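> Structure below; questions to follow.
Please treat every number below as a calculation from the coordinates, not as lab data. Not measured: the values here are computed from a predicted model.
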Amino acid sequence: MIYLDNNATTRLATEALEAMLPFFREHYGNASSAHALGRMPEGALVHAREQVASLLGCQTAEVVFNSGGTEGINHAFKGVFEAFPAKRHFVITAVEHSAVMAVADWLKARGAELSMVGVDSDGRLDLDELKTAIRPDTALVSAMAANNETGVVFPQKEIAQIVQERGALLHVDAVQAAGKMTLDLQGVDLLNISAHKFHGPKGAGALFIRRGLRLKPFLVGGHQERGRRGGTENIPALVGMGAAAERAKAHLAEMEGVRSLRDHLEEALLAIVPDLRVNGRNAPRLSGTSLLSFKDLEGEALLLRLSEKDICVSTGSACTTGQKEPSHVLRAMGVPFEWARGTIRISLSLETTRAEIDQVLEILPALVAELRQLRPMAR
Ligand code: PLP
């Protein structure tokens, strides 16, 4: 099996698994318990928070553990909406993950006003549009660190400066960026990550809340997470996230090796396959992401043929299963329909090998030619 869908999820790292295991049966106590069995989980939670804070480059008190990216995004948006009733304007980008899109829509239905900042044909954010979009009543600007479909990385420093100068808060969805590139928290007020994207377990994540920014608890309940998120902590998962965060930080420099594998794949494909577009190719991108559009082809058909050959890729959310519309990301980039429908996303990780990429190069061009011949589409 060749797994090239690492932007969807990653394989749990051995270090994370081994760190987690004792907390299922040996150290199963509640971190809030005063007796002996509560001590190990409590200490483990402290350690996991240090590991995550170290990956993010923040203080431990600024880390709120949660169930993943979607929860962090909900906490950030709904928390700001509630904390600043005089500010009802929110700014997001046109290529945000559906979790951001959905919560922004949710706020809109409750009286918020929404502005969406566009991108160019390479997926680069229009910074001039961002500048004019922010108003005195803008509560929050949300701009992702790196896009889940294209891998395009937004200029964090410039965005933070623009937002700060205009007096709004900045939220960054860093689910795809964490563990793959260095994050810069300068000028960032809220930032969310998710463990399963960097070889940690599913259902664990964290929200960075800048010290001094007071939001209501996301889940009202016990005093866990300093009263910011009630509920007994999922200790094994959070311990796993901590170990994965430490491992990811230690291996950050090796992501450049992944970039050369990805570039090798793209260059070889561009040389062999006609009518192929690499989306976001001229923009700064994550090292392991490649969003390929094959003109006059169905991405879903190609995905299935690759799957028959034990190669796992995705259509990004290019065509969410059963949905024939191209993704909002490709539409925002102005990719024409006859290209957008033939899109697949290949996402590598540190585990991807040169042999795997070479095997893809042996199989993929032939499949594309075969599918184009089988079902020629109107040009
Ligand atoms: N944001 C981005 C950019 C993502 O890629 C994802 C997951 O695909 C999410 C948010 C949601 O994260 P989670 O699956 O942890 O809820």
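> Within the chain, how many lysine pairs that are 8 or more places apart, or on different chains, have C-alpha atoms less than 18 Å apart?
Taking the Cα cut-off of 18 Å, the pair count is 13.
> Here is a further query. Normalising by the residue count of the chain, find the relative contact order in percent from Cα pairs under 8 Å and 6+ residues apart.
It comes to 22 percent, rounded to a whole number.
> Comparing LEU125, LEU183, LEU213, which has the greatest mean-square fluctuation in the GNM of the chain with Cα pairs linked when under 10 Å apart?
Of LEU125, LEU183, LEU213, the Gaussian network model singles out LEU213 as fluctuating most.
> Using θ = phi - 60° and the Karplus curve 6.51 cos²θ - 1.76 cosθ + 1.60, what whole-Hz ³J(HN,Hα) does each residue of region 242-250 get, with Gly and Pro shown as x?
So the J values, rounded to whole Hz, are x, 5, 5, 5, 5, 5, 4, 5, 5.
> Let me make sure I get this right: for the chain, a, b and c are the square roots of the gyration tensor eigenvalues over alpha carbons, sorted descending. Under 1.5 in a/c it's rounded, otherwise prolate if a/b > b/c, else oblate. Which is it? Display every interim value, and only then the final one.
Numbers: a/c = 2.15, a/b = 1.32, b/c = 1.63.
Here the chain falls in the oblate category.
> Could you pull out every residue, at least 5 positions away or on a different chain, whose amide H is within less than 5 Å of the one on ILE2? Hs are placed 1.01 Å off N in the peptide plane, and Pro or chain starts have none.
Under 5 Å from the amide H of ILE2 lie the amide H atoms of ILE311, CYS312, each far enough along the sequence or on another chain.
> Just to check I understand the Karplus step: with θ = phi - 60° and J = 6.51 cos²θ - 1.76 cosθ + 1.60, what whole-Hz values come out for region 127-137, glycine and proline as x?
5, 5, 5, 4, 4, 7, 6, 7, 10, x, 9
> Now a separate question. Does anyone have the angle between helix 69-83 and the longest principal axis of the chain? Alpha-carbon axes, 0 to 90°, nearest 10?
60
> So, one more: If amide hydrogens are placed 1.01 Å from N in the peptide plane, which non-local residues have theirs closer than 5 Å to the one on LEU114?
Answer set, sorted by chain and number: PHE90.
> Something else now. Can you give me the long-range amide H partners of GLU351? Hydrogens built in the peptide plane at 1.01 Å from N, cutoff under 5 Å, separation of 5 or more residues or another chain.
none
> So what's the angle, to the nearest 10 degrees on a 0 to 90 scale, between helix 156-165 and the longest Cα principal axis of the chain?
Approximately 50 degrees, to the nearest 10.
> To the nearest 10 degrees, how steep is helix 299-308 against the longest Cα principal axis of the chain, on a 0 to 90 scale?
That works out to roughly 90 degrees.
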